[in-house]
Amino acid sequence: MAKLAAKKLEQYNKVYLTLKTDRQRKKYIKQVQEDLMNEYGDEIKHMKISEGKVLMKLIDRETGHSSYEIIKEFRGGFTAFFWQTVARLFGNDLRVRYNPYGEDWMIENIVQQINQGTI
């Protein structure tokens, strides 16, 4: 799912950067959000908190941006702050960064095995 998120983010960003006005950008982001919620909303809503934490780290691994940074870029600072506050209430952090040589070494090992086809 993280690779898909990175691919979609790249596609959306290309279109987003071509839009001339704030109104066009807001309309586009609203449509993208609606499309994503229709397609993946149920799957994300049924994730366990631990699965969400791993997904956020993998999104950072694939995009080079934390979930907070992505939300801030596309929806604005206030929205990013709001969702960060909600995440913190549930023991999460949207600013979490992926560290393949530190605490995320096991995740990195699994990803490498998947990429090599051994899993």
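Some notes on this structure:
- Among residues that are of a type outside the set (S, T, N, Q), at pLDDT 95 or above, at negative phi and surrounded by 11 or more Cβ atoms within 10 Å (Cβ to Cβ), E34 is not included.
- Among the residues of the range 5-31, the ones that are open to solvent by less than 80 Å² (accessible area, probe 1.4 Å) and closer than 30 Å to I114 by Cα come to 6 in all.
- The residues listed here are L4, L55; of these, the one that is modelled with pLDDT of 90 or more and not charged (D, E, K, R) is L55.
- The set of residues in the range 55-82 that are surrounded by fewer than 17 Cβ atoms within 10 Å (Cβ to Cβ) and either assigned to a helix (DSSP H, G or I) or over 14 Å from the mean Cα position of the chain (by Cα) (or both) comprises L55, E69, E73, R75, G76, G77, F78, T79, F81, F82.
- Screening A2 with (1) closer than 30 Å to N115 by Cβ; (2) among the small types (G, A, S); (3) without any contact (Cβ under 8 Å) to a residue 60 or more places away in the chain; (4) surrounded by 12 or more Cβ atoms within 10 Å (Cβ to Cβ) gives one miss only, at (3).
The values are calculated or read from the model by the stated rules, or taken from the named source; none is laboratory data. Just so it is clear, the model here is predicted, and its values are computed rather than measured. No Cβ is skipped: glycine too gets one built from the backbone with ideal geometry, and neighbour counts run over all protein chains shown. When the accessible area is computed, the model is the full protein with side chains, heavy atoms only, and any ligands, DNA or RNA have been set aside. Shrake-Rupley method; radii C 1.70, N 1.55, O 1.52, S 1.80 Å.
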